[in-house]
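Worksheet: the structure to be examined is printed underneath.
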Amino acid sequence: MDDMKDAVLEYVVDEYVDEDDDVEVTYDTPLISSGIVDSFSMVSLKTFLEKKYSVSLPDSEATPESFDTVSSIVELVRKHQSG
């Protein structure tokens, strides 16, 4: 299992998926194109990632494409982690 993927997935489900919604979110579920995450949510998600993983994600790379799946989000975070 991948701890970072699990943590990001859990955050997305807790913050953006209503309990009443019959939506299963996986590592590869489209988040933005499906409407689970909107532009405002992207900002809060970016802030969460920067604080949790001590990274700075450039706005130019925080694109809808980069934030469309948990897998692509984790790939972006890992790219900016030092070491």
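Taken together, the values in this text are just the output of simple stated rules run on the coordinates, not laboratory data. Keep in mind it's a predicted model, so treat the numbers as computed, not measured. As a convention, Cβ positions derive from the backbone with ideal geometry for all residues, glycine included, and neighbour counts pool all protein chains shown.
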Expected unfolding gain across Phe40-Asp6 under the 0.36 nm per residue rule, minus the alpha-carbon gap, is 10.0 nm
Measure out, as a whole number of angstrom, how far apart the alpha-carbon centroids of segment 68-83 and segment 30-57 sit. 11 Å
Magnitude of the Cβ-charge dipole of the chain, K/R +1 and D/E -1, about the Cα centre, nearest 20 debye? 660 debye
Is it possible to state the helix-based mean residue ellipticity at 222 nm for the chain, with each DSSP H run of 4+ residues giving -39500 (n - 2.57), the sum divided by total residues, to the nearest 500 deg cm²/dmol? What is it? -15500 deg cm²/dmol
